[in-house]
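Encoded as structure tokens, the structure appears first; notes follow it.
The values are calculated or read from the model by the stated rules, or taken from the named source; none is laboratory data. The structure displayed is predicted, hence computed values, not measured ones. A quick note on method: Cβ atoms are made from the backbone with ideal geometry, for glycine too, and the neighbour counts reach across all protein chains shown.
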Amino acid sequence: MRLIFSLLAAAAMATLLFVRAPALLQDPDSWWHIRVGLDMLATRSFPTVDSYSHTFAGQPWIAKEWLSQVLLALAYQGAGWNGVALVTAAAVSLMAFLLAWHLGETVKPSMAMALALGLALLSASVFTARPHIFTLPVIVAWSASLFRAGNAGRPPDFRLLGLIWLWANLHASFTLGFVIAAFAGLDVLIRYRLTQPRLLALWGLFGALCVLVSLVNPYGLKAILATFTVAGANEAVPLITEWRPFNASAAPLNEVALLLMLLALLVSGVRFGLALALFVLFALHLYLAHERFVFVFFLLVPLALAAPVTEQFPALSVQTEQRDGLERFLSRHYRASLVAIVALLIVATGMLAAGRAIEPSQKTSAKDALAFATQRGLSGPVLNSYGFGGTLIFHGIKTFIDGRTDQLFLNGFTQADDAATRSSGRPLLEAHLEKYAIDWALLSTDDGRIPFFEQMPGWKRVYADSYAVIYVRSR
């Protein structure tokens, strides 16, 4: 039953993602991640300096998410944007399977499936074709295994070190794995204090090995330090939508879910240890502070609390003898159910890989505008809207600014770029045009600099559509 319902969760998620496949490709950063991956495959080397912008060319920059970028590039080489959507959907479906599987170890199977799908949908804002998508299955498996070991008073499974190595090469968020391990270890420490020195020593050794294993990547310690560049005083963070605080008016369903979870904890009388309580607060803080961490709260908190909740409410437990109708039906027809579910997964995969061609919207691709720029032979330094940086990199055009603000475009640059779009930003814009010898501009239609270009002498609008506007210097 656990396997069937976990596969059913994966199949349902795959089907839903197939229907909404174009939505997986609407992040502007997908473009440059694929280009970096393609370049690494072509050169068989890892970049150490920026070669994609004209404003920060030659500055130190590392492809700290190199493995994810290579996976995205291979998918693009194999089946174009359909391939990129396919590997993205596969990662999310695997996450849904693992979430249902690990919840199903303590929660009854049908409830585990329903929870997995519901929690995945609440986290759907992060389901985009970017490197973090490959870490979601890793995060679920990592967290479930460590919290289960902590709750049972067992040492951690040292085979999990392979997961932290994989995570460290997939995405910079791997340092979150250290924090999760620390909370699980703290749970053991609080439970047993110093009465189990060998157990505590094994948890300490595991924590130390986590750091050492994560250093096995092309950039060593630099990959860890890059995480703190974002977590620290990065000027771009407040300006990027996904790094902004949780906005209840923009995500009412998530607000309702948060309140219902809080209500359940308050009225149910469920008790759990201090370490788990601190982890819940930590996960909630991350989500409220930065929308991009929605998955930390909605995916990992239920995994951490599943064991103590089912211990105190046996009716929810997998050990209960009461089965609902769906469980009884599938148990009688489990062979046919398995065949049907696997067939559904295969069909969904095939349709996504070989079905109608999909591609990103012109909101991020500026497809027609770039075709015009190529036809007119526009060259030289460009000033671009932030959201068009990815597509410029993909098409071999050096950017003014792009989505790599975790390492580049700092020291006031990103703040000045944003300020130039404000009502009083014309002097800043003129300074940028002069300092960087800008020859043309590719702007989104909502860019605040458009009125300035319309007014400034020496600049002419040569192209406009529903997504992009191009200006060139008058000669």
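Does the stretch 402-418 contain at least one residue that is over 27 Å from residue 242 (Cβ atoms), in the same structural domain as residue 469 (by TED's automatic domain parsing) and out of contact with any helix residue (DSSP H, G or I) (no Cβ under 9 Å at 6 or more places or on another chain)?
No: zero hits.
The conditions are (1) more than 33 Å from the chain's Cα centre (by Cα); (2) in a loop (DSSP other than H, G, I, E, B); (3) buried (at least 20 other Cβ atoms within 10 Å of the Cβ), and residue 424 fails exactly one of them. Which is it?
Exception for residue 424: condition (3).
Working only within the stretch 243-264, note down all residues that are buried (at least 16 other Cβ atoms within 10 Å of the Cβ) and either at pLDDT below 85 or of a type in the set (S, T, N, Q) (or both).
Once the filter is applied, which keeps residues that are buried (at least 16 other Cβ atoms within 10 Å of the Cβ) and either at pLDDT below 85 or of a type in the set (S, T, N, Q) (or both), the stretch 243-264 yields 243, 254.
It is to be established whether one or more residues within the stretch 28-39 are in contact with a Lys or Arg (Cβ under 9 Å, 6 or more places away or on another chain) and of a type in the set (Asp, Glu).
Yes, the stretch 28-39 has at least one match.
Which residue, of 106, 48, is surrounded by fewer than 24 Cβ atoms within 10 Å (Cβ to Cβ), farther than 30 Å from residue 316 by Cα and over 19 Å from the mean Cα position of the chain (by Cα)?
48
Which of the following residues is basic (Lys, Arg), at pLDDT 95 or above and surrounded by fewer than 19 Cβ atoms within 10 Å (Cβ to Cβ): 130, 159, 154?
That would be 159, the only listed residue that is basic (Lys, Arg), at pLDDT 95 or above and surrounded by fewer than 19 Cβ atoms within 10 Å (Cβ to Cβ).
Of (1) at pLDDT below 90; (2) on the phi > 0 side of the Ramachandran plot, residue 220 satisfies all except one. Which?
Result: residue 220 passes all but (1).
Kindly establish whether residue 316 is touching a Leu at 6+ places or on another chain (Cβ under 8 Å) and modelled with pLDDT of 75 or more.
No: the conditions fail for residue 316.
Among the residues of the stretch 71-83, is there at least one that is assigned by TED's automatic domain parsing to the domain that holds residue 316, modelled with pLDDT of 95 or more and buried (at least 24 other Cβ atoms within 10 Å of the Cβ)?
yes
I'm trying to understand the selection: among the residues of the stretch 429-457, which are of a type in the set (A, V, I, L, M), assigned to a helix (DSSP H, G or I) and over 15 Å from residue 384 (Cβ atoms)?
431
Show the residue pairs that are 6+ apart or on different chains and have beta-carbon atoms under 9 Å apart, the first residue being within the stretch 291-314 and farther than 12 Å from residue 279 by Cβ, the second being of a type in the set (D, E, K, R) and crowded, with 23+ Cβ neighbours inside 10 Å.
310/108
Hey, does the stretch 190-200 have a residue that's surrounded by 11 or more Cβ atoms within 10 Å (Cβ to Cβ) and under 22 Å from the mean Cα position of the chain (by Cα)?
no
Identify all residues within the stretch 439-475 that are charged (D, E, K, R) and either over 33 Å from the mean Cα position of the chain (by Cα) or more than 16 Å from residue 400 (Cα to Cα) (or both); write none if there are none.
Across the stretch 439-475, the qualifying residues are 439, 446, 454, 460, 461, 465, 473, 475.
Among (1) without any contact (Cβ under 8 Å) to a residue 24 or more places away in the chain; (2) under 30 Å from residue 401 (Cβ atoms); (3) among the hydrophobic types (A, V, I, L, M, F, W, C), there is one condition residue 194 misses while meeting the rest; what is its number?
Looking at each condition in turn, residue 194 falls short on (2).
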